[in-house]
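Trainee: Below is the structure I would like to discuss, written out as structure tokens.
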Amino acid sequence: MRINDFDLYKDLLKGKSGLTLTADKSYLLDSRLTPVAKKWNYPSLDAMTLVLRGIPDPKLIKDVVEAMTTNETSFFRDTRPFDMFNNTILPYMLKKRATKKSINIWCAAASSGQESYSLAMLLKEKGAALNGWNIKIYATDISTEILDHARKGVYSQFEVQRGLPIQMLMKYFDQSGDGWIIKEDIRRMVRFEYFNLLEDMSKLEMFDIIFCRNVLIYFDEQTKKLVLEKMAKKLESDGFLVLGGAETVLGITDTFKLAESHRGLYVLKNGTFDAKELAVAV
């Protein structure tokens, strides 16, 4: 691909999604965008690129961005964040929210839903301990196609074998042809909606817990700072931000600080987080 064409897609992706396309990933353009060109009946990727230089159909731009967006995920991916949610974050929240009995969770860049449904299953496992509680999981992504997949809750044998404990599979899924469909009561616990992290977050609800894992690694420093500082305004004063294992706020923003001894778990620097209560919950 010509340098000028690569720059076109790099700028398009950055402007529409915040993701940074580096030269070493240029090979992805051919493999991911050739199917888009065929879908739109262009004879070649070069022909589609030429159209994108003009005034393209917004739906074409959307398809290009979705094709280039990474949607790698799995049930209980990396394990540690889910253990931390189950054994540390949730006990803290159950104590701190005992009066209003409400917890609001946001899974940003939720992809095909495995992270959100993993949290829902952990909550379901609490049984009677959550009777009378209003717990909402709001899951968003930039890809409408992947969100449709998430809402259906249908996964292949390969997908359920990646990280999902067999007892969870037997308890919360029904076999559907060659795949598996997650039970309706779990699907009802998650609300999937389109949202671009570059957009204005002021209309979003306030959240007690935000999962934003393995997303920031695709942003440049300026975009990371922008997204984190917008999220800080949507997090309750004693709420939690969960990032991926390779992500950090250090050197990017001083709005958050690390929850001591909990890698990947952040709280508002000037918030009301009670470290002693978290220690008790561990």
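Trainee: Just grab the label-to-label distance for PHE6 and THR34, each label 7 Å out from Cα along the Cβ direction, in nm (one decimal).
Mentor: 1.8
Trainee: Counting each DSSP H run of 4 or more residues in the chain as -39500 (n - 2.57), what helix-only mean residue ellipticity at 222 nm follows after dividing by all residues, to the nearest 500 deg cm²/dmol?
Mentor: -11500 deg cm²/dmol
Trainee: Another one. Explain nothing, just compute: Karplus ³J(HN,Hα) = 6.51 cos²θ - 1.76 cosθ + 1.60, θ = phi - 60°, for every residue of the stretch 153-166 in order, whole Hz, x for Gly and Pro.
Mentor: Residue by residue, the stretch 153-166 yields x, 9, 10, 6, 4, 4, 5, 6, 7, 8, x, 7, x, 4 Hz.
Trainee: While we're here: In square angstrom, what is the accessible area per residue of the chain with a 1.4 angstrom probe?
Mentor: Result: 49 Å² per residue.
Trainee: I've got another one for you. Size of the stretch 61-191 along its principal axes in angstrom, Cα-based, largest extent first?
Mentor: 46, 34, 25
Trainee: Report, by chain and number, residues whose modeled amide H sits under 5 Å from the one on CYS107, excluding near sequence neighbours (fewer than 5 apart, same chain).
Mentor: Counting only residues 5 or more places away or on other chains, the set is TYR138, ALA139, THR140, PHE211.
Trainee: Shape call for the stretch 207-249 from the C-alpha gyration tensor, a ≥ b ≥ c root eigenvalues: rounded (a/c under 1.5), prolate (a/b greater than b/c) or oblate?
Mentor: Here the stretch 207-249 falls in the oblate category.
Trainee: Taking all protein chains in place and a 1.4 Å probe, what share, in percent, of the accessible surface of the chain do carbon and sulfur account for?
Mentor: Roughly 52 percent, rounded to a whole number.
Trainee: Could you tell me the accessible area of THR34 in Å² (1.4 Å probe, neighbours in place), rounded to the nearest ten?
Mentor: Its accessible surface works out to 50 Å², give or take rounding.
Trainee: Give a quick list of trypsin sites (Lys or Arg not before Pro) in the stretch 84-170 that DSSP marks as loop, anything other than H, G, I, E or B, with at most 13 other Cβ atoms within 10 Å.
Mentor: The qualifying sites are LYS100, LYS101.
Trainee: OK, next. Within the stretch 55-82, which residues have the backbone N less than 18 Å from the label spot 7 Å out from GLU193 along Cα→beta-carbon, could you tell me?
Mentor: None, by backbone N distance to the label point.
Trainee: Would you please state which residues of the stretch 240-267 a label at MET206 would reach in this model, taking the label point 7 Å out along Cα→Cβ and a backbone N cut-off of under 17 Å?
Mentor: 240-241, 267
Trainee: Counting Lys and Arg as +1 and Asp and Glu as -1, what is the net charge of the other residues whose Cβ lies under 12 Å from the Cβ of ALA37?
Mentor: 0
Trainee: So what J values fall out for the stretch 227-240 if you push phi through Karplus, 6.51 cos²θ - 1.76 cosθ + 1.60 with θ = phi - 60°, rounded to Hz, Gly and Pro as x?
Mentor: After applying 6.51 cos²θ - 1.76 cosθ + 1.60, I find 5, 4, 6, 6, 5, 4, 6, 9, 9, 4, 4, 10, x, 10 Hz.
Trainee: Under the rule a/c < 1.5 gives rounded, and otherwise a/b versus b/c splits prolate from oblate, where does the chain land using the Cα gyration tensor?
Mentor: It is oblate, given that a/c is not under 1.5 and a/b is not larger than b/c.
Trainee: What does the charge add up to near ASP208, with Lys and Arg as +1, Asp and Glu as -1, over the other residues with Cβ less than 13 Å from its Cβ?
Mentor: +4
Trainee: Between GLU277 and ASN41, how high is the FRET efficiency from 1/(1 + (r/R0)^6) when r is the Cβ-Cβ distance and R₀ = 45 Å? Nearest 0.05.
Mentor: 0.15
Trainee: Could you size up the charge dipole of the stretch 139-282 around its Cα centre, putting +1 on the beta carbon of Lys and Arg and -1 on that of Asp and Glu, and report it in debye to the nearest 20? Don't skip to the answer; put the middle values down first.
Mentor: On the way: 19 positive and 23 negative charges, 36 e Å.
About 180 debye.
Trainee: Compute the FRET efficiency between LYS100 and ALA23 as 1/(1 + (r/R0)^6), taking r as their Cβ-Cβ distance and R0 = 45 Å, and round to the nearest 0.05.
Mentor: So the FRET efficiency works out to roughly 0.35.
Trainee: Also: Using Cα pairs closer than 8 Å and at least 6 residues apart in sequence, work out the relative contact order for the chain, in percent.
Mentor: 18
Trainee: Something else now. Give me the distance in nm between label points sitting 7 Å out from Cα along the Cα-to-Cβ direction at ARG53 and TRP133, one decimal.
Mentor: Calculated label separation equals 5.7 nm.
Trainee: Between beta-carbons, use under 14 Å as the cut-off and find the net charge around THR79, counting Lys and Arg +1, Asp and Glu -1.
Mentor: +2
Trainee: Which of LEU50, ASN71, ALA23 sits closest to the plus end of the dipole of the stretch 1-79, meaning its Cα is farthest towards the positive end, when Lys and Arg get +1 and Asp and Glu get -1 on the C-beta?
Mentor: LEU50
Trainee: Let me ask something additional. In degrees, nearest 10, range 0 to 90: what is the angle between the Cα axis of helix 3-17 and the longest Cα principal axis of the chain?
Mentor: Compared with the principal axis, the helix lies near 30 degrees.
The values are calculated or read from the model by the stated rules, or taken from the named source; none is laboratory data. Everything quoted here is computed from the prediction, not taken from an experiment. Every residue, glycine as well, gets a Cβ built from its backbone with ideal geometry; the counts of neighbours run over all protein chains shown. The area values use the complete protein model at the heavy-atom level, side chains included, leaving out ligands, DNA and RNA. Shrake-Rupley method; radii C 1.70, N 1.55, O 1.52, S 1.80 Å.
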